[in-house]
Amino acid sequence: MTKIIAFTGSNHSKSINQHLLKHAANLIENHEVEVLDLRDYESPMFSLDLEAAEGQPEILKELEAKISESSILLIAVPEYNGFMPSFFKNTIDWLSRINRAFLKDKKIVLLSTSPGGYGGKQSLEHTASILPRFGGEVIGTYSLASFHEKVNLENGFTFTDVEEEKILNEVLNNI
């Protein structure tokens, strides 16, 4: 059984990307999936001066160790002004200082959603382009535009557009 670590790059308590991530994690069968909340690994803004004075945050060393135990990562990346959130970028900055190859031999599936018509595609593409620098291989991406029109959260998470569920399942079948 493959171990999968899943998390979203958002620190928003009501993140729609977190909803999408949890739904996707629940669709994965025959693998052990652990969903993390990156807010539990929050750290100060990375700076060389801070690192020299205080070292690397222990909490992020714990996150790096968790990531190293997995074979696959499922990551939902929000989009803020066309970029990944600074919260997520900061986490990557610290992790890459702890271990430059913190994603070595990891298969990665990236998800993104937004209330707008692009579904976080710019952030998704940018994230997919940088993660290989740290040793990861992006094996699939999924972007969901118009979250509030295509998802019903009344009784859990259901797609109002059955085609979206099929597309998500196709991406997850790469795992």
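Rule-based calculations on the coordinates, nothing more; no lab input. Note that the coordinates shown come from a computational prediction; the quantities given were computed from them, not determined experimentally. When we count neighbours, we look across all protein chains shown, and the Cβ atoms used for this are built from the backbone with ideal geometry, even at glycine.
Sort through LEU124, LEU153, LEU95 and tell me the only one that's aliphatic (A, V, I, L, M) and either over 24 Å from ASP40 (Cβ atoms) or touching a strand residue (DSSP E or B) at 6+ places or on another chain (Cβ under 9 Å) (or both).
Result: LEU124 is the single residue among LEU124, LEU153, LEU95 that is aliphatic (A, V, I, L, M) and either over 24 Å from ASP40 (Cβ atoms) or touching a strand residue (DSSP E or B) at 6+ places or on another chain (Cβ under 9 Å) (or both).
Across the range 107-126, which residue is farthest from SER15 (Cα to Cα) among those that are in contact (Cβ under 8 Å) with a residue 60 or more places away in the chain and of a type outside the set (Lys, Arg)?
Looking at the filtered set, the residue picked out is VAL109.
For the range 105-139, which residues satisfy the criterion of being buried (at least 18 other Cβ atoms within 10 Å of the Cβ), within 19 Å of ASN174 (Cα to Cα) and in contact with a helix residue (DSSP H, G or I) (Cβ under 9 Å, 6 or more places away or on another chain)?
Residues satisfying the conditions are LYS106, ILE108, VAL109, LEU110, LEU111, SER112, THR127, LEU131, VAL138.
So that you can scan it fast, the table gives a plain yes or no per residue for (1) of a type in the set (Ser, Thr, Tyr); (2) over 15 Å from PHE88 (Cα atoms):
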| site | (1), (2) |
| --- | --- |
| THR2 | yes, yes |
| GLY9 | no, no |
| ALA24 | no, yes |
| LEU27 | no, yes |
| HIS31 | no, yes |
| ASP49 | no, yes |
| GLU54 | no, yes |
| ILE59 | no, no |
| SER70 | yes, yes |
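Of the conditions (1) farther than 20 Å from LYS166 by Cα; (2) exposed (fewer than 15 other Cβ atoms within 10 Å of the Cβ), VAL77 clears all except one; give me its number.
Among (1) farther than 20 Å from LYS166 by Cα; (2) exposed (fewer than 15 other Cβ atoms within 10 Å of the Cβ), VAL77 violates only (2).
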